[in-house]
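Shown next, in structure tokens, is the structure this report addresses.
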Amino acid sequence: MKNENKVLACVDQSRFANYVADYAAWAAQRMEAALEFLHVIDRDPGTGSDEDYSGAIGINAQENLLTHLSSQDEARSKMAREQGRIFLNSLRERAIAAGAGSVDIRQRRGALEETLAEQEEGVRLFVLGRRGEAAEITQRDLGRNIEQVVRALKKPILAVTEAFREPRRVMIAFDGSIVTRRGVEEVAGSSLFRGLPVHLLMSGKESAEAARQLEWAKTTLEAAGFEAPASLLPGDAESVIAKAVREQGIDVLVMGAYAHSPLRSMLFGSKTSDLLRSAAIPTLLLR
């Protein structure tokens, strides 16, 4: 699908794919955009045979063994592609039933973040699940690829949670940074949240500069026709935002993501990951 106005939903073969499909179909309709489902097959899926090839290798046996292993790899690859095709077709039918218009499917083999970065040029919005196939076994609350994928992309990413619920109330975690200011402008200029109240929340100490920044954001959204109540609350961002999300019944959180280096995140932890865990709702991540 060659389209400069599409929503790209990245899915794997887990139960979380249905939630990604539902939110992607919703976003594509709101944005009047084409929808594409992308399934990335790992180059090294780790599905080797249980056969034992240890021991001495006789004359010509090495060549025969390599031929046998190559045939096995080809068969596994063919089976993975066919399973992926059936899986993607089911998601396509689900999205069409939900009201999405133009829906396409695609499979690629490679590393997830590299593959998504290659597709980025024609994409307005990425949609992916916070959890995937690995979470079925590990029960991790955040998928192992989420940070790497977000860092690899520049376009907005809607990271979704379990069970689709049509968004009715949106909140922007605003800190006056370049990223969140651009986020306010993108929300104001997009049809994704058109007609929904967009709450602005700033955390920290009160100051003239904070009040000025918050007023700019509020004015920008109101000028675009949004209802935009704004609050500046004391406290650390993680606890303030998580509490406001719960108390105000927020359905989607908009926030900047992974502003610090990967090394800093490894040493001191990531506020983005902490917020994703505490908010527990779909989050539009901005870079």
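Annotations
- Among the residues of segment 103-113, those that are on the phi < 0 side of the Ramachandran plot and either basic (Lys, Arg) or loosely packed, with under 14 Cβ neighbours inside 10 Å (or both) comprise ARG106, ARG108, ARG109.
- Verdict on GLU227 being over 19 Å from ASP251 (Cβ atoms) and either among the polar types (S, T, N, Q) or over 22 Å from the mean Cα position of the chain (by Cα) (or both): no
- Look at segment 76-96: where a residue is on the phi < 0 side of the Ramachandran plot and a partner is exposed (fewer than 13 other Cβ atoms within 10 Å of the Cβ), sitting 6+ places away or on another chain with Cβ atoms under 6 Å, you get ARG76/THR47.
- Top-ranked residue in segment 181-195 [being part of a helix (DSSP H, G or I) and among the small types (Gly, Ala, Ser); ranked as surrounded by the most Cβ atoms within 10 Å (Cβ to Cβ)]: GLY183
- Any hit, segment 98-109, residues being closer than 30 Å to GLY189 by Cβ, part of a strand (DSSP E or B) and among the hydrophobic types (A, V, I, L, M, F, W, C): yes
- Count of segment 7-35 residues which are in a strand (DSSP E or B) and small (Gly, Ala, Ser): 2
- Residue check, LYS154 outside any helix (DSSP H, G or I) and on the phi < 0 side of the Ramachandran plot: yes
- The number of residues in segment 162-180 being in a loop (DSSP other than H, G, I, E, B) and open to solvent by less than 30 Å² (accessible area, probe 1.4 Å) comes to 3.
- Some residue of segment 42-57 being at pLDDT 95 or above and over 17 Å from GLU121 (Cβ atoms): no
- Residue check for LYS205: without any contact (Cβ under 8 Å) to a residue 60 or more places away in the chain and open to solvent by 60 Å² or more (accessible area, probe 1.4 Å): yes
The values are calculated or read from the model by the stated rules, or taken from the named source; none is laboratory data. From a predicted model like this one, the values you see are computed outputs, not experimental measurements. With ideal geometry, Cβ positions are generated from the backbone for all residues, glycine too; neighbour counts draw on all protein chains shown. For accessibility, only protein heavy atoms count, side chains too; no ligands or nucleic acids. Shrake-Rupley method; radii C 1.70, N 1.55, O 1.52, S 1.80 Å.
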